[in-house]
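A short write-up of the structure that comes next.
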Amino acid sequence: MMKTQTQISVRGLTVAYGDFVLFNKIDFDINKGDVFIIMGASGCGKSSLLRVLTGLVPAASGKVVIDGVDFTSASEQERNLLMQKCGILYQGGALFSSMTLAENIAMPLKQYTNYSDKLISELVSLKLSLVGLTGFEDFYPSEISGGMKKRAGLARALALDPEIVYFDEPSAGLDPISSKMLDDLILDINQSLGTTIVVVTHELASIFAIGNNSIFLDGNTKNILGRGDPKELLKNPPNEEIYKFLTRGAEKKNA
Amino acid sequence: MTIEFTKQQQQLSLTIKGNIESFDDESLKLSLLEAVQKHKFQTVSVNAEGLEKWDSTLVVVLYELEKECRRKKISVTYQNIPTNLSRLIELAFMVDRKPSKSQEDSLPFLEAVGNFGISLWQSINKGLDFISDSLSSIGRWFTAKAIMRKVDFLFALQDCSYKAVGIVSLVSFMVGLILAFVGAVQLKTFGAQVYVASLVAIGMTRIMGAIMVGIIMAGRTGASYAATIGTMQVNEEVDALKTMGIPVTDFLVLPRIMALTLAIPFLVILADFMGILGGGFVGVLMLDIPYQEYYRYTKDALDMTNFLVGLFHGLVFGVVISLCGCYFGVNCGRNADSVGKATTQAVVTAIVWMIVMTGIITLIFEVLGI
């Protein structure tokens with residue numbers, strides 16, 4: 001059996017906006033190579049948790065340890081080094097509208113490597129090819145569709161060969177075909193590069209298609225209600241809320 | 001780390017060993033591709049036995065090599081290559097779409113001039129349409145048919161009235177001060193420096209007060225109108241209004257035009273007062289004009305006509321600034337860059353039109369003898 005190695009460890013994490021507490025002292029681990037799903041109902045704070053994991057919002061208390069380094073108390077320099085290991089795909093792609101796709105993807109490469117311009121341009125072409133956008137280097141974000149923007153955003157997230165890629169609602173606003181294509185792409189990236197994938201979503205199709213580990217967040221109890229492989233959670237739901245969520249609101253039959 | 005290749009009769013063999021990370025050897029890549037281009041190989045064989053670590057820079061080498069081989073119809077075989085590396089190369093070739101952007105050729109001179117003329121005509125039409133829509137909204141408001149929330153009007157009024165008092169007071173005071181200084185230098189040569197009071201009083205009330213308020217409000221409120229409505233356009237809020245059948249001019253433009261047009265005359269009165277105060281500060285404290293004297297000359301110079309001319313300018317500027325701000329906001333594109341452009345265009349256009357309107361009003365008043 002393959003030995004699992006913890007890549008992200010969350011301990012006693014409390015997320016709050018002022019006096020309003022979103023989660024109280026939650027714990028979970030994300031293993032290297034996992035496709036980890038953070039799921040829960042709309043408004044339960046999934047995206048806020050992602051913002052804490054990526055350092056955009058400070059945690060009220062608790063620790064986020066990435067590869068043995070405490071991200072929450074790390075210095076600015078340590079954080080920057082850790083963030084180079086991470087790629088993030090935001091809901092709308094978050095591409096810089098005044099730059100072409102090539103310039104968008106080249107940005108982290110220029111920022112963090114000393115590669116020649118030729119190699120950067122080759123890497124940009126490769127990353128665009130990986131997400132199925134060969135030849136779109138000179139396009140501006142306003143000239144491509146929503147699904148293509150997400151894929152271009154993913155190419156940018158993959159620019160530095162990250163060990164972890166975070167996805168915020170990757171399927172939001174996409175048609176089923178584009179959504180399936182993005183799911184396949186996430187799996188391909190995970191399997192080809194061994195990248196740890198962390199996905200925030202409530203799209204059931206995506207959850208079952210790609211996830212091999214998950215947590216279910218609950219806004220009422222401000223805690224994690226269930227964890228594990230989503231397919232297993234569906235087979236043996238630990239509580240009514242998870243069953244309802246994974247079956248689109250069906251009532252649980254009494255055994 | 002090594003990447004080496006050997007050429008045999010009909011085969012090129014590439015061997016990869018060790019750690020291939022951050023590989024940036026341009027000359028090797030060039031000679032490899034050159035070899036593929038020049039020789040008539042039937043196969044290219046890649047052996048990665050002994051490859052330890054690798055990253056995207058190795059994928060780039062293999063991807064470029066396979067691309068060239070596919071172009072020349074040469075088969076590529078991989079031996080001992082990590083599964084994930086070969087999957088990645090496969091993935092890079094699984095393109096589902098090709099770009100369809102046409103290259104824009106430079107147009108002949110006459111065609112370019114024609115296109116410019118057409119786009120100018122279209123933007124004039126668009127501007128006139130917007131003004132006509134806004135006038136219709138004002139008309140609907142008079143007949144109580146406009147869909148405008150009072151709270152929007154009050155918020156806009158609050159934003160462009162008392163919140164602007166500080167900046168308008170400060171700038172007008174400084175303008176009065178400068179006007180007095182500049183005037184005093186000239187008037188002193190004739191021993192007529194007491195007329196500084198008249199110069200400042202007439203200058204501020206007739207035009208300077210209104211112009212200064214106009215410029216401040218164009219930069220402050222006009223820009224804010226363009227940015228707010230532009231962001232609503234980006235967030236599809238303007239589309240939502242349209243699909244709900246609510247006229248954009250009623251809901252977004254009307255409260256802003258009304259608020260600014262109502263607020264500006266009061267700000268002009270404030271600017272006149274502060275400007276005269278600034279002039280008095282220089283006259284009394286620096287030019288040693290007795291304050292009773294300064295007050296008398298100021299009072300004599302002030303007349304209702306100049307004061308009303310200033311207020312009229314203010315009213316016109318209010319309409320111009322709010323129309324420009326709202327027009328560029330409503331016609332903003334759908335990205336962050338466009339909001340920036342809309343804001344700049346709103347301020348620049350408002351200031352240009354204010355100057356143009358000042359010229360026209362001055363000419364009309366001159367003819368009318370006002």
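The values are calculated or read from the model by the stated rules, or taken from the named source; none is laboratory data. Computed from a predicted structure; not experimentally measured. Neighbour counts are summed over all protein chains in view; Cβ atoms, including those assigned to glycine, are modelled from backbone coordinates with ideal geometry.
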Residue count for segment A:93-114, restricted to those that are without any contact (Cβ under 8 Å) to a residue 60 or more places away in the chain, more than 9 Å from chain B (Cβ to nearest Cβ) and not aliphatic (A, V, I, L, M): 7
Among the residues listed as B:Glu26, B:Glu49, the single one being at the interface with chain A (Cβ under 10 Å from one of its Cβ atoms), modelled with pLDDT under 90, surrounded by fewer than 18 Cβ atoms within 10 Å (Cβ to Cβ) and closer than 30 Å to A:Lys85 by Cα: B:Glu26
Residues that are under 19 Å from B:Gly191 (Cβ atoms) and surrounded by fewer than 18 Cβ atoms within 10 Å (Cβ to Cβ), drawn from segment B:288-299: B:Asp288, B:Pro290, B:Glu293, B:Arg296
Given (1) touching a Cys at 6+ places or on another chain (Cβ under 8 Å); (2) hydrophobic (A, V, I, L, M, F, W, C); (3) part of a helix (DSSP H, G or I), index of the condition A:Ala209 fails: (1)
Selected residue (only one of A:Asp161, A:Asp138, A:Asp117 is on the phi < 0 side of the Ramachandran plot and within 10 Å of chain B (Cβ to nearest Cβ)): A:Asp138
Count of residues meeting criterion [over 27 Å from B:Ile361 (Cβ atoms) and basic (Lys, Arg)] in segment B:290-317: 1
Tabulated pairs, segment B:242-255, first under 11 Å from B:Val330 (Cβ atoms), second modelled with pLDDT under 90 and among the charged types (D, E, K, R), C-beta under 7 angstrom, 6+ apart or interchain: B:Val248/B:Lys242
Residue in segment A:81-93 that is in a loop (DSSP other than H, G, I, E, B) and either of a type in the set (D, E, K, R) or more than 18 Å from A:Gly153 (Cβ to Cβ) (or both) present: yes
Filter pass, A:Ala172 being in a loop (DSSP other than H, G, I, E, B), surrounded by fewer than 18 Cβ atoms within 10 Å (Cβ to Cβ) and more than 10 Å from every other protein chain (Cβ to nearest Cβ): yes
Of all residues making up segment B:196-219, the number that are surrounded by fewer than 22 Cβ atoms within 10 Å (Cβ to Cβ) and farther than 23 Å from B:Phe365 by Cβ: 2
Any chance A:Ser178 is within 10 Å of chain B (Cβ to nearest Cβ), of a type in the set (Ser, Thr, Tyr) and either within 18 Å of B:Asp24 (Cα to Cα) or part of a helix (DSSP H, G or I) (or both): no
Test: A:Leu246 is buried (at least 20 other Cβ atoms within 10 Å of the Cβ), within 14 Å of another protein chain (Cβ to nearest Cβ) and under 29 Å from A:Gln5 (Cβ atoms): no
Every residue from segment A:4-63 that is more than 19 Å from the chain's Cα centre (by Cα), in a loop (DSSP other than H, G, I, E, B) and on the phi > 0 side of the Ramachandran plot: A:Gly18
Flag if B:Asn331 is closer than 30 Å to A:Ser97 by Cβ and either touching a Cys at 6+ places or on another chain (Cβ under 7 Å) or more than 14 Å from chain A (Cβ to nearest Cβ) (or both): yes
Yes/no for B:Leu28 being assigned to a helix (DSSP H, G or I) and touching a residue at least 12 places away in the same chain (Cβ under 8 Å): yes
Any pair with Cβ under 7 angstrom, 6 or more apart, that starts in segment A:133-157 at a residue that is part of a loop (DSSP other than H, G, I, E, B) and ends at one that is at pLDDT 90 or above and among the hydroxyl-bearing types (Ser, Thr, Tyr): A:Glu137/A:Thr100; A:Glu137/A:Ser125; A:Asp138/A:Thr100; A:Phe139/A:Thr100; A:Tyr140/A:Thr100
Positions within segment A:127-153 being under 21 Å from A:Asp188 (Cα atoms) and surrounded by fewer than 24 Cβ atoms within 10 Å (Cβ to Cβ), in sequence order: A:Ser129, A:Gly132, A:Thr134, A:Gly135, A:Gly146, A:Gly147, A:Met148, A:Lys149
Filter result (more than 22 Å from A:Phe245 (Cα to Cα) and in contact with a helix residue (DSSP H, G or I) (Cβ under 6 Å, 6 or more places away or on another chain)) within segment A:9-48: A:Val15
Number of the exception - A:Ala205 against (1) surrounded by 20 or more Cβ atoms within 10 Å (Cβ to Cβ); (2) away from chain B (no Cβ under 11 Å); (3) over 19 Å from A:Thr54 (Cβ atoms): (1)
Number of the condition not met by B:Leu62 [criteria: (1) farther than 28 Å from A:Ala159 by Cβ; (2) part of a helix (DSSP H, G or I); (3) of a type outside the set (Phe, Trp, Tyr)]: (1)
Meets criteria (outside any helix (DSSP H, G or I), assigned by TED's automatic domain parsing to the domain that holds B:Met148 and surrounded by fewer than 17 Cβ atoms within 10 Å (Cβ to Cβ)) for B:Ile246: yes
